[in-house]
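These notes are about the structure you will find just below.
Read the figures in this text as sums done on the coordinates, not as results from a lab. Only a predicted model underlies this, so the values are computations on that prediction, with no experimental measurement involved. All Cβ positions, even for glycine, are placed from backbone atoms using ideal geometry, and neighbour counts span all protein chains on display.
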Amino acid sequence: MKYLSTRGDTSPRGFCDILLEGLAPDGGLYLPTHYPKVDAATLARWRGLRYAELAFEILQLYIDDIPPADLRRLCEATYTERVFGTPQIVPLKPLGEGLFLEALSNGPTLAFKDMAMQLLGQLLEYELARRGEALNILGATSGDTGSAAEYAMRGKRGVNVFMLSPAGRMSPFQQAQMFSLQDANIHNLAIAGVFDDCQDIVKAVSHDLAFKRRHRIGTVNSINWARLLAQVVYYFAGYFQATKTNAQAVSFAVPSGNFGNICAGHVARQMGLPIRRLVLATNENDVLDEFFRSGRYRVRGSAETCETSSPSMDISKASNFERFVFDLLGHDAAAAVRTRELFGPTLAREGGFTLSATEFAPATRVDGFGFASGRSTHADRLATIRDTWARHRVMIDTHTADGLKVAREQLEPGVPMIVLETALPAKFEATIREALGPDAPPPERPPALRELESRPRRFTAMAADAEAVKRYIETHGGPAAAAA
Ligand SMILES: *Cc1c(COP(=O)(O)O)cnc(C)c1O
């Protein structure tokens, strides 16, 4: 399997070539040249597999530069009951009326990002050892991504993590989760500033190409293809649990921000998994709902991006969305020319673009790409959390509530609807209390995390200054240090 860029660069690259890459050199995103089709016999065989086996079967269709025995071992090391809490890894919970919750949040940081990041940690360690290289991962986080990256990379040979976060601005739980890590290769830098300051520092360091090369700086952000690929697996696993035969179709509802999670569903559907509808749910930051209603993609400014009670979906633009547009336009050379124009000059000039009616039409047709969408507000979130607790004694988090609210609107008779649970309610106690009142029990925490806030903390406080961060990386994470 080779990978190409959505903006036209087709120089042949294998999976391991793009494993450590962010954007393609032409500014596009990497995609496989084609999506392998899964035939009926294969789908029937996969139905009986354990999660780690299923992950191997799907990954090996896209990865031909890691020997199969090694890839299988990495999948088995990643998807274990010890890390994800159950033998099924992503168990399904019925909510009646054909609705199901698929549990993706039982990994170490209680959010679905662990599903992909844990595998990425294994893949990175493997590939760096094979090349005899080291990597310094630099990132900025306001919560979920940073902690998922740290828990995936902790103790991994050849990898250091430098994670910038705005001092005092994460939730107490998120802060305790990250700062309590004692691993020598994990560096929490608490920056005096807001999240945008952290992100600006990461950009400034990355734009210093000489520094970047000398210190082997890399990222693990949501446009990384390996993360997206790992997420394809749980669409198959959810489908097998919700159906008895492969003649049945299901729909998925996905709480969405940067379009990474639902893009993996799109890939699964392109491979031939019987998905009827991919239901995209946004919060008040409804860039993507607007697109799927109108064909218009309008990036928001920071003044127009609101802070909501489902904060991991507070986005102004969706960084993975370009992948879908390239596929919608035909996934070929002509599509690359058009994608390049839309996401390059048009977006820069006009802050967005509108597809023609002909270009847009297949996006929402069931015989096309099958997307539907909806939006959810703070009041909807509270009502959905309350209703789900009252009727089923199931506590859901605020992001999952956005998904469930929109799922109900799109429910069709006879078609199971699987809502992806993207975080556990324990991460968002304040909003849960607001929804359920003081008499409801607090959201449950896994036993290992009960006294999280009282653990010793390890972090370095720093000014919002790119030079200071560079000096820190120089002393704590040169390639030599990383390789040690
Ligand atoms: C990251 C995240 C999302 C959004 O996922 P995308 O892949 O960016 O669409 C939704 N919910 C939670 C809890 C998240 O952490």
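Per residue of the chain, the DSSP helices (runs of n ≥ 4 H) give a summed -39500 (n - 2.57) that works out to -12000 deg cm²/dmol at 222 nm.
Each of Gln60 and Lys203 was given a label point 7 Å from its Cα along the Cα-to-Cβ line. The distance between the two points is 4.3 nm.
With contacts defined as alpha carbon pairs under 8 Å and 6 or more residues apart, what's the relative contact order of the chain in percent? Don't skip to the answer; put the middle values down first.
Details: 920 pairs, mean separation 95.1, N = 484.
Averaging sequence separation for qualifying contacts and normalising by length gives 20 percent for the chain.
Rounded, prolate or oblate: which fits segment 117-180, taking a ≥ b ≥ c as square roots of the Cα gyration tensor eigenvalues, rounded meaning a/c under 1.5, else prolate when a/b beats b/c?
Details: a/c = 3.02, a/b = 2.32, b/c = 1.30.
Here segment 117-180 falls in the prolate category.
Note on segment 211-306: percent of Cα-Cα distances in each 10 Å bin, starting at 0 and stopping at the bin with the largest distance, equals 14, 36, 29, 16, 5, 1.
Between Ser171 and Ala129, the contour length at 0.36 nm per residue exceeds the alpha carbon distance by 11.6 nm.
How would you classify segment 52-197 from its alpha-carbon gyration tensor, with a ≥ b ≥ c the square roots of the eigenvalues: rounded for a/c under 1.5, else prolate if a/b is greater than b/c, otherwise oblate? Mind dumping the intermediate values first?
Working: a/c = 2.34, a/b = 1.15, b/c = 2.03.
Taking the square roots of the gyration eigenvalues as a ≥ b ≥ c, segment 52-197 is oblate.
Add +1 for every Lys or Arg and -1 for every Asp or Glu among the other residues with Cβ under 14 Å from the Cβ of Gly132, and state the total. Could you put the intermediate results ahead of the total?
Working: positive: Arg130, Arg131, Arg157, Arg216; negative: Glu125, Glu127, Glu133.
For residues surrounding Gly132, the net value is +1.
Applying 1/(1 + (r/R0)^6) with R0 = 60 Å to the Cβ-Cβ distance of Asp39 and Thr377, what FRET efficiency is obtained, to the nearest 0.05? So the FRET efficiency works out to roughly 0.90.
The local environment of Leu164, defined by Cβ-Cβ distances under 13 Å, has a net charge of -2 under the rule Lys, Arg +1 and Asp, Glu -1.
Could you pull out the pairs from Lys113/Lys405; Lys113/Lys244; Lys244/Lys427; Lys113/Lys203; Lys113/Lys156; Lys2/Lys156 whose alpha carbons sit more than 24 Å apart here? The partial results should precede the final answer.
Values: Lys113/Lys405 21 Å; Lys113/Lys244 28 Å; Lys244/Lys427 34 Å; Lys113/Lys203 22 Å; Lys113/Lys156 18 Å; Lys2/Lys156 27 Å.
Result: Lys113/Lys244; Lys244/Lys427; Lys2/Lys156 exceed 24 Å.
Electrostatic tally near Val469: other residues with Cβ closer than 14 Å to its Cβ, Lys and Arg +1, Asp and Glu -1, net -2. So if I take the centroid of the Cα atoms in segment 15-52 and the same for segment 406-469, what is the distance between those two points in Å? Taking the Cα centre of segment 406-469 as reference, the centre of segment 15-52 is 29 Å away.
Each Cα pair under 8 Å and six or more residues apart adds its separation to the average, and for segment 300-361 the resulting relative contact order is 23 percent. Between Glu97 and Phe211, the simple label model (points 7 Å from Cα in the Cβ direction) yields a spacing of 5.3 nm. Of the beta bridges in the chain, as assigned by DSSP with both residues counted there, near 25 percent are antiparallel. Distance between the modelled labels on Thr86 and Val415, one decimal in nanometres: 2.5 nm (7 Å Cα→Cβ projection). Applying 1/(1 + (r/R0)^6) with r as the Cβ-Cβ distance of Arg458 and Thr358 and R0 = 56 angstrom yields a FRET efficiency of 0.50.
A Förster distance of 45 Å, applied to the separation of the beta-carbon atoms of Glu53 and Arg393, puts the FRET efficiency at 0.85. Calculated on the Cα set of the chain, radius of gyration then Dmax: 21.4, 61 Å.
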